[in-house]
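S.K.: First the structure, which I've put down as structure tokens, then a few questions once you've had a look.
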Amino acid sequence: MKSIILAGGVGSRLFPLSREYYPKQFIKFKAFEKSLFQLTFERTLKLSNIKDIYIITNEKHKFLVLGQIEELGYNFNEDNILIEPIGKNTLPAIYYGVKVIKERDGEDTVAVFPSDHLIEDGAKFTKTVKEGVKLTNNYLITFGIKPNKPHTGYGYIKPGEKLDVGYKVEEFKEKPDFETAKKYIKNGYLWNSGMFLFRTDIFEEEVRKHCPEVYEAFKEEDINEVYKKVPDISIDYGIMEKTDRVAVIPLNIKWSDLGSFDAIYDVFDKDENGNIIYGENVVLNSKNNLIYTHSGKLASLIGVKDLIVVDTKDTLLICNKGDSQKVKDVVKNLKEKG
Ligand code: GDD
Ligand code: MG
């Protein structure tokens with residue numbers, strides 16, 4: 001099996017920890033000493049030989065990718081790092097990988113992994129993905145996570161007819177609004193984990209059918225020309241919402257897209273007062289805060305609760321817990337100001 005690792009996103013909701021040059025998948029969280037990208041790479045090695053792993057990223061992050069793999073003790077073939085001239089979201093990124101795999105080795109089965117997830121690793125994950133291969137002759141496979149709240153940043157999947165393993169998908173809806181998400185949870189929808197498995201020929205056929213602009217753009221010889229033409233679109237909106245050839249396999253493991261500081265707060269261990277504080281600190285009568293300070297600065301807290309404070313060299317972020325999805329608006333605002 002071939003694998004594609006997507007490592008081209010910026011993760012703007014983790015600003016100021018993530019920066020354009022240091023996106024969230026490369027940040028080393030103190031709790032597990034590896035980056036999400038490194039953890040993804042190690043997981044992928046359980047499914048594909050190193051020579052069959054393709055990483056789709058951009059010029060700026062190529063050396064982070066190589067460096068972080070080297071740190072794990074592996075030697076990675078640079079030819080398997082595909083560089084996008086500009087990011088056009090996940091559909092072009094995945095299709096780029098698929099085209100190169102086909103050109104080099106012919107049709108094959110491909111698994112796609114985002115590099116921004118924290119997954120409870122282990123045998124179950126590998127086994128579930130491998131089981132998916134039973135369905136690849138007929139379907140594009142998604143992996144579904146049991147939701148625990150009406151999160152609006154995920155795709156939602158309605159399982160239908162039971163299959164050999166998993167279910168045929170009745171409906172796929174990317175990033176619904178809050179009310180719709182609440183309804184979906186009541187009706188047994190699953191979250192899309194963002195990982196996919198498919199046969200290259202079936203995937204290509206679905207791209208041709210549902211996103212002909214993407215299909216046509218990739219006929220250009222020069223990758224710069226391809227990316228000039230290709231629309232900015234995710235695989236979720238471009239393919240998964242449209243095709244009726246999707247199946248879902250429930251993945252019963254701990255899973256988190258560490259996309260926001262609230263998600264980080266949810267995942268990591270808290271002290272007896274519900275605080276997560278990285279770095280030296282004095283805490284008086286304070287509860288349920290997430291505090292990160294840069295290079296050993298002392299954090300002192302008095303009587304505060306439900307705050308997120310991230311203090312880096314040049315930027316201080318203060319926000320209420322529950323609002324951290326909006327951090328991306330700060331980044332947008334900064335970009336607009338230039
Ligand atoms: N190479 C490349 N180029 N990678 C990209 C690009 C790009 O232009 N854009 C995003 N990525 C990478 C990100 O780094 C991440 O690893 C992965 O692709 C997914 O992109 P996100 O931008 O994080 O997507 P999302 O989290 O909003 O939504 C997706 O994941 C959710 C689960 O985490 C969707 O698949 C949802 O349906 C899903 O629920
Ligand atoms: Mg994500």
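S.K.: Only one of 66, 39, 47, 82 is part of a helix (DSSP H, G or I), in contact with a strand residue (DSSP E or B) (Cβ under 9 Å, 6 or more places away or on another chain) and more than 13 Å from residue 25 (Cβ to Cβ). Can you tell me which?
M.R.: On inspection, the qualifying residue turns out to be 66.
S.K.: May I ask you to list the residues in region 186-197 that are under 21 Å from the mean Cα position of the chain (by Cα) and either more than 11 Å from ligand 1 (Cβ to nearest atom) or farther than 14 Å from residue 166 by Cβ (or both)?
M.R.: 189, 191, 194, 197
S.K.: May I pose another question? Residue by residue through region 23-36, note down the ones that are surrounded by 15 or more Cβ atoms within 10 Å (Cβ to Cβ) and either charged (D, E, K, R) or assigned to a helix (DSSP H, G or I) (or both).
M.R.: 24, 25, 26, 34, 36, listed by residue number.
S.K.: Here are some residues: 97, 87. Which one is out of contact with any helix residue (DSSP H, G or I) (no Cβ under 8 Å at 6 or more places or on another chain), under 26 Å from residue 242 (Cα atoms) and in contact (Cβ under 8 Å) with a residue 24 or more places away in the chain?
M.R.: 97 is the lone residue from the list that is out of contact with any helix residue (DSSP H, G or I) (no Cβ under 8 Å at 6 or more places or on another chain), under 26 Å from residue 242 (Cα atoms) and in contact (Cβ under 8 Å) with a residue 24 or more places away in the chain.
S.K.: More than 30 Å from residue 311 (Cα to Cα) and within 13 Å of ligand 1 (Cβ to nearest atom) - does that describe any residue in region 9-19?
M.R.: Initially, region 9-19 is screened for residues more than 30 Å from residue 311 (Cα to Cα), giving none.
No, every residue in region 9-19 fails to be more than 30 Å from residue 311 (Cα to Cα) and within 13 Å of ligand 1 (Cβ to nearest atom).
S.K.: Shifting gears a bit: So which residues in region 119-169 are within 16 Å of ligand 1 (Cβ to nearest atom) and acidic (Asp, Glu), if there are any at all?
M.R.: The answer is 120, and nothing else.
S.K.: Scan region 280-297 for residues that are over 26 Å from the mean Cα position of the chain (by Cα) and on the phi < 0 side of the Ramachandran plot and jot them down.
M.R.: To start, the set of residues in region 280-297 that are over 26 Å from the mean Cα position of the chain (by Cα) comprises 280-288, 295-297.
280, 281, 282, 283, 284, 286, 287, 297 - these are the residues of region 280-297 that are over 26 Å from the mean Cα position of the chain (by Cα) and on the phi < 0 side of the Ramachandran plot.
S.K.: Here is a list: 82, 39. Which entry is among the aliphatic types (A, V, I, L, M), without any contact (Cβ under 8 Å) to a residue 60 or more places away in the chain, within 15 Å of ligand 1 (Cβ to nearest atom) and over 30 Å from residue 333 (Cα atoms)?
M.R.: From the options 82, 39, the qualifying one is 82.
S.K.: Could you please find all residues in region 100-132 being part of a helix (DSSP H, G or I) and either crowded, with 16+ Cβ neighbours inside 10 Å or among the acidic types (Asp, Glu) (or both)?
M.R.: Taking region 100-132 and keeping what is part of a helix (DSSP H, G or I), we get 100-105, 123-132.
Residues satisfying the conditions are 100, 101, 102, 103, 105, 125, 128, 129, 131, 132.
S.K.: A further question follows. Has region 68-75 got any residue that is within 29 Å of residue 318 (Cβ to Cβ) and small (Gly, Ala, Ser)?
M.R.: Pass one, region 68-75, residues within 29 Å of residue 318 (Cβ to Cβ): none.
No, because not a single residue in region 68-75 is within 29 Å of residue 318 (Cβ to Cβ) and small (Gly, Ala, Ser).
S.K.: Output the residue which, of all residues in region 85-97 that are outside any helix (DSSP H, G or I) and either in contact with a Phe, Trp or Tyr (Cβ under 7 Å, 6 or more places away or on another chain) or within 20 Å of residue 38 (Cα to Cα) (or both), is farthest from ligand 2 (Cβ to nearest atom).
M.R.: Per the criteria, the residue is 85.
S.K.: Of the residues 140, 135, only one is touching a residue at least 12 places away in the same chain (Cβ under 8 Å), buried (at least 18 other Cβ atoms within 10 Å of the Cβ), within 23 Å of residue 237 (Cβ to Cβ) and in contact with a Gly (Cβ under 8 Å, 6 or more places away or on another chain); which?
M.R.: Going through 140, 135 in turn, the sole match is 135.
No value in this document is a laboratory result; all are computed from the given coordinates. In this text the structure is predicted, and so the values were computed from the model without any measurement. All Cβ positions, glycine included, derive from the backbone under ideal geometry; neighbour counts span all protein chains shown.
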